[in-house]
Amino acid sequence: MAHGLGAGRLRTFWRITVGQARVAILGGCLLVVLVLLAEYGAFEILGYQTFTTEIFTEFSQAFNVAAASALSLVLVALGLVVLAGESLARGRGRVNRVDRMAQHRTDRLRLGRWTGIVLLALLALVLLALGLPVGSAIYWWVAGAQHVLDGVSILSAAGHTALYGACAGAVATLMALPVGILAIRYDGRLRRMLERSTYLVLAMPGLVIALALAYFSEQYGGGLWYQTAPMLVLAYAIMFFPLALVGVRASVAQAPAGLENVAQSLGKGRLAVLWRVTRPLVGPGLAAAFCLVFLSVVTELTATLILVPTGVQTLATQFWSYQQNLAYGQAAPFALLMIAIAAVPSYVLGRFFDRLPARAAAS
């Protein structure tokens, strides 16, 4: 339609394509910044001092709760600054699709002389993001093949990791659905503040959240659920709730609200409209939210170290244990299996979205 009105390709891309994806793009940038604020494992291995590594040191080694809490508050303040910046950049415009049937298969554009350059750039990206870690893990595995895994069951660790990830993904997605609908469908300052405040969780290290849950369990619950699977899943759901909310919110924003109004005018109740109209429209967002949480749980470390049930190991905790002892050959299989498990939902999600335009065009 934009081309038909005389807009060029660059103008169409900037005003239409980027405009429609603005919520998702800014949400992705927000997640990256907040996740990096709370990242621990990568910075600790590389020897960088951050607020999160210092919080972990104060908690686990110096037992200085006051200093760790003060550093946590600094992270919250930084998170508030990031949220304010993202909110100003996003503005108050609404983004939605006029009709679900408006999505059709688009013709592929030939890159011409740029084909080789683009392919080389993509190949370099894949090699750096996937080839380098996989190659390093394989190298250390082969180099340390003479070592034994000390009776640790890698299949048991993988099973617990997948189970906790799936449960946390489902819980976080279900929690994010009403918040996403509330934030998009019912505008208001209080509702916006409620939605925005949830993102601050990402700026909090998992260690802080885990210790908070453990404290309340010991002080007010008599130790109920401490170091049990339900509390660990709850911690995961709280930590990665913003990831689920971004996927759900972006999907709800593109779902036409008019269809819900028509269903209600035909006598359908709110729950029936939610299940029969809203749910199919936001299905891709729910799948994306589940996968985002699942992928994050697979590699989560600090909260898992505190709350994992006694006698249970996950891929991340077992990898960390071997890595701390410089047993890279024994840690490598756990790293490779984490990559393999993370690749499954990524591949399924990619195939799911690739088929959406074809289904829409066929309809």
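Things worth noting here:
- Classification of region 299-350 by its C-alpha gyration tensor yields an oblate form. The axis ratio a/c (a ≥ b ≥ c) is 1.5 or more, and b/c is at least a/b.
- Separation of the LEU190 and ALA42 label points, Cα + 7 Å toward Cβ, nm: 4.0
- Estimated inter-spin distance, LEU128 and CYS29, nm [label 7 Å along Cα→Cβ]: 1.9
- In this simple spin-label approximation, VAL118 and VAL344 carry label points 7 Å from Cα along the Cα→Cβ vector, and these lie 3.3 nm apart.
- Extension reserve of the GLN227-ILE154 stretch, reckoned as 0.36 nm per residue once the Cα distance is removed: 24.2 nm
- With all protein chains in place and ligands, DNA and RNA left out, the 1.4 Å accessible area ranks SER346, SER217 as SER346, SER217, largest first.
- Using a probe radius of 1.4 angstrom, the carbon and sulfur fraction of the accessible surface of region 278-349 is 68%.
- With a Förster radius of 35 Å applied to the C-beta separation of ALA67 and ALA89, the computed FRET efficiency comes to 0.55.
The values are calculated or read from the model by the stated rules, or taken from the named source; none is laboratory data. These numbers were taken from a predicted model, which means no experiment stands behind them. Counting neighbours? That spans all protein chains shown, and the Cβs are built from the backbone with ideal geometry, glycine included. To get the accessible areas, we keep the full protein, side chains included, count just its heavy atoms, and leave off ligands, DNA and RNA. Shrake-Rupley method; radii C 1.70, N 1.55, O 1.52, S 1.80 Å.
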